[in-house]
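A.B. asks: Next up is a structure, given as structure tokens.
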Amino acid sequence: MDRILVIGANGSVGRHVVAGLAERGCGVRALVRDGASAALPPGVEVVRGDLAAPESLVAALSGGVASVYLMWPAIPVQPRVVELIAEHAEHVVYLSTDVADLADDEQPVVHHQEVERLIRKSGLRWTFVRAIDFAGNTLHWADQVRQGVVRWPYGAARRSLIHERDIADVAVAALTEKGHDGAKYVITGPESIAQADLARIIGEETGTEVRWEELEPETARAQLTEAWGNPAFVDARLRAWESFTREPERVTDTVREVLGRPARSFRSWARDHAEDFR
């Protein structure tokens, strides 16, 4: 029986990919760094491996793996991983982000571009799921929500954040249905919402009154650089948020086109994660 290997099976998206594939009766093999931490559905085969050590994936890819779901965390890209996938499987669905295609002579701005380029040149059949920023990234506000005040820059920035379950559902469709080869699906939430309103919605769904306190960009730059440790990434985020105060983050209808239903709302995401903010 052909299996589908899910790399990053314990992640916020990967665990829903595993569940969705299992619900469809697929043979699922879940790659995790720590097998003891895997809380996955019954019948799912759990194997250990680490993208930082490509040869550790050989066992996971052997024995009838036809397709692979791949996500790449914030670690250096290992071209050998894509080579190994191409040696053992036929098809890969890669969780990317909203990026431009990278030419052979261009340097990547983000690692997603480098991974996409490797996949395009690998000979694999592929689908790129280019997800706009995750709704789950607002979990950074959890401690502030508990205190009733979210201090963050650019409250007027309008975001089109997407529910991780919609990302997973699109990936599952691409892994199990025909017609997705070569697709580059930019997926978003169903509407763009100001960041201050995102905080308000979280408060409403958790039963906590939450107000927004505008944080000066320079103050935010210092705080986020200390927290994230990547000044270039912080600058890029601040520039993007500022631009969304003038032109909202784009909204696509791709989730509906792929799944035949609209994307889940941010309010539904906040309701699903209310306990995470309490």
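A.B. asks: Averaging over all projection directions, find the projected area of the Cα convex hull of region 1-160 and quote it in nm² with one decimal place. Please list the in-between numbers first.
C.D. replies: Details: hull surface 46.5 nm².
Its average projected convex-hull area is 11.6 nm².
A.B. asks: Here's a follow-up. Which whole-number percent is the relative contact order of the chain (Cα, under 8 Å, 6+ apart)? Walk me through the numbers on the way to the answer.
C.D. replies: Details: 530 pairs, mean separation 47.8, N = 278.
The normalised contact order for the chain reaches 17 percent.
A.B. asks: Compute the long axis of helix 14-23 from its Cα atoms, compare it with the longest principal axis of the Cα atoms of the chain, and write down the angle in degrees, 0 to 90, nearest 10.
C.D. replies: 60
A.B. asks: If I take every Cα pair under 8 Å that is 6 or more residues apart in region 195-278, average their sequence separation and divide by the length, what percent do I get for the relative contact order? The partial results should precede the final answer.
C.D. replies: Details: 45 pairs, mean separation 31.9, N = 84.
This gives 38 percent for region 195-278.
A.B. asks: Suppose only helical runs count, i.e. DSSP H with n ≥ 4. What mean residue ellipticity at 222 nm does that imply for the chain under -39500 (n - 2.57) per run, divided by all residues and rounded to the nearest 500 deg cm²/dmol?
C.D. replies: On the way: 12 runs with 110 residues, N = 278.
Taken over the chain, the calculation gives -11000 deg cm²/dmol.
A.B. asks: Name the shape class, rounded, prolate or oblate, that the alpha-carbon gyration tensor gives for region 125-278, where a ≥ b ≥ c are the square roots of its eigenvalues, rounded holds for a/c under 1.5, and otherwise prolate holds if a/b is larger than b/c and oblate otherwise. Write out the running numbers ahead of the final one.
C.D. replies: Details: a/c = 2.16, a/b = 1.54, b/c = 1.40.
Verdict is prolate for region 125-278.
A.B. asks: How high is the relative contact order of region 3-131, in percent, with contacts defined as C-alpha pairs under 8 Å that are six or more residues apart?
C.D. replies: Values: 228 pairs, mean separation 26.8, N = 129.
This gives 21 percent for region 3-131.
A.B. asks: Find out how many positive minus negative residues lie around Gln144, taking Lys and Arg as positive, Asp and Glu as negative, among other residues whose Cβ is under 15 Å from that of Gln144. It would help to have the intermediate numbers written out before the result.
C.D. replies: Values: positive: Arg146, Arg151, Arg200, Arg211, Arg278; negative: Asp143, Glu209, Glu213, Glu214, Asp276.
So the surrounding residues net to 0.
A.B. asks: Can I ask one more? Whole angstrom only: what separates the Cα centroid of region 55-112 from the Cα centroid of region 174-197?
C.D. replies: So the two Cα centres are separated by 19 Å.
Each value in this text was obtained by applying a stated rule to the coordinates, not by laboratory testing. All values reported here derive from a predicted model rather than from experimental measurement. Here the Cβ is made from the backbone with ideal geometry for all residues, glycine too, and neighbour counts use every protein chain on show.
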